[in-house]
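First up is the structure itself, then whatever we jot down about it.
Derivation of every value follows stated rules applied to the coordinates shown; laboratory data play no part. Everything numeric here is computed off the predicted structure, so don't read it as measured data. Cβ sites come from the backbone with ideal geometry, for glycine too, and all protein chains shown count toward neighbours.
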Amino acid sequence: MPTAAVADQTETARRALEQVCSGDLDGIAGVYHPDFVDHVNRLTYRGHAGARRSVALYLKLFPDLRFEVDEQVSEGDRVASRWTLRGTHRGREVELRGIVISRFEDGRIIEDWAASDTMELVRQLGLRRTIQLATSHRALLFDRGASSTSGPGAARRLIDRLSCRLRQNRSCPVPPSETERVRRIQDKNAGGYDRQMNFFDRVLFAGGREWACSQAEGEVLEIAIGTGRNLIHYPSGVKLTAIEYSPEMLAIARDRAAKIDREVDLREGDAQALEFPDESFDTVVITLALCTIPDDRKAVQEARRVLRPGGKLILLEHVRSPLLPVRTVQHLIEPLAIRFEADHLTREPLDYLIDEGYEVESSERSRIGIVERVIARKPT
Ligand SMILES: C[S@@+](CC[C@H](N)C(=O)[O-])C[C@H]1O[C@@H](n2cnc3c(N)ncnc32)[C@H](O)[C@@H]1O
């Protein structure tokens, strides 16, 4: 590659960090290719909109954010930049170092791989701010790539794996009798489900159903639709199919669809063995059901199978809190919740989404870290 082009790439990579990532969002199209893919910790951002989201997230955390390039090395179509980030988060000044490798196409960055010293960030922020940050932006702080073998992500996965073995749940085989037990519980509870959820939708999941359904596009499959509480929130343009294992729940969903005149193909079915052919949907929506489906990981595998390449998995879930006192309470009451409600309180889909072949586009935590919204994509 001619020396001038390499110099241009190096300068563009510098501009991307020192200007665009430092807050000049109008400069995005000048430095990033329209097909840009940004791999940052567990998250993947795509295109100019993705770059905007990624920078906006950092600006939200550090409103006075400044990146400075310390050193750059260029070779072929790649530029490696060592950088220092300075900014203030909730009154605490931080200085974080990291590296990004940028790949270029047609003079603009088409792919970035970024790594930073998140443990150092935790040390500088202190415990209180870290916990606050962890509850709202967990992936940014704690989740390194799925294949990483060191750091807090690896330690957390090891603990999770061990506790899974001890608790005999995730990734341990689920006997068919458990699926039938869950069906019986759901059939029995169907009559009171809406009354119970009116409360939880108000205090815990407010806005969650609207958010999940507003992300749906094209041909949509909702898995474990329950009594159909999401039906009213889907955009009118989507073609909706939904499955549910409990006949009693399904009957209520059918009534609801008829009452609101929503066209939907409602079927009895098992999320762990979907009846649909590969690559038949653009979006799969699952709300508050991975906590109940006996083999949640299998359901996520099935969702990926039926998604078209580039298709979206939208999740709204209650999950294990990163806050120790809250998590301890969740662990304590979980055996009862599983026994009487088939409700797992400490599951965490982010633990396995990447291993199952998804790219996690965004994840957001709220309500003392218990409620999670995730958008994940099946790669193209
Ligand atoms: C807590 S409810 C959530 C219902 C609904 N998604 C909502 O947001 O209100 C969990 C649902 O998962 C369903 N379910 C559990 N196991 C299932 C399976 N293997 N296949 C399909 N649905 C299942 C239950 O019958 C129940 O309706």
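Axis of helix 176-203 versus longest Cα principal axis of the chain: the two differ by about 70°, to the nearest ten degrees. Computed from the C-beta positions of Glu178 and Asn198, the FRET efficiency with R₀ = 22 Å rounds to 0.20. Dimensions of segment 174-377 from C-alpha coordinates, computed as largest minus smallest value along each principal axis and given longest first, are 44, 37, 35 Å. Along segment 246-254 the Karplus relation, 6.51 cos²θ - 1.76 cosθ + 1.60 evaluated at θ = phi - 60°, assigns HN-Hα couplings of 8, x, 5, 4, 4, 4, 5, 4, 4 Hz to successive residues, with x for each Gly and Pro.
Between helix 47-61 and the chain there is an angle of about 90 degrees, using the helix long axis and the longest principal axis of the Cα atoms. The C-alpha atoms of the chain occupy a region whose extents along the principal axes are 69, 43, 35 Å, arranged from largest to smallest.
Taking amide H positions as modeled 1.01 Å from N, with prolines and chain starts lacking one, the residues under 5 Å from Ser362 and 5 or more places away or on another chain are Ile375. 3J(HN,Hα) along segment 84-90: 10, 9, 10, x, 10, 10, 6 Hz, from the Karplus curve 6.51 cos²θ - 1.76 cosθ + 1.60 with θ = phi - 60°, whole Hz, x for Gly and Pro. The HN-Hα couplings worked out from phi for segment 75-80 by the Karplus form 6.51 cos²θ - 1.76 cosθ + 1.60 (θ = phi - 60°) are 7, x, 8, 10, 10, 9 Hz, whole numbers, x standing for Gly and Pro. In plain terms, the chain is cut at each of the GluC sites (Glu not before Pro) found in a DSSP loop with at most 16 other Cβ atoms within 10 Å, and the longest leftover piece is 1-216. Every helix of 4 or more DSSP H residues in the chain counts as -39500 (n - 2.57), and over all residues that averages to -12500 deg cm²/dmol at 222 nm. Per residue, the convex hull spanned by the Cα atoms of segment 47-125 amounts to 91 cubic angstrom.
Here's the list of aspartates and glutamates a cross-link from Lys298 could span, going by alpha-carbon distance under 13 Å and ignoring same-chain residues fewer than 8 apart: Asp270, Asp355, Glu356. The H on the amide N of Gly311, modeled in the peptide plane, is under 5 Å from the matching H of Lys378, each at least 5 residues off or on a different chain. Value of Rg to Rh for segment 3-142, rounded to two decimals, is 0.97; Kirkwood radius and Rg both from alpha-carbon coordinates.
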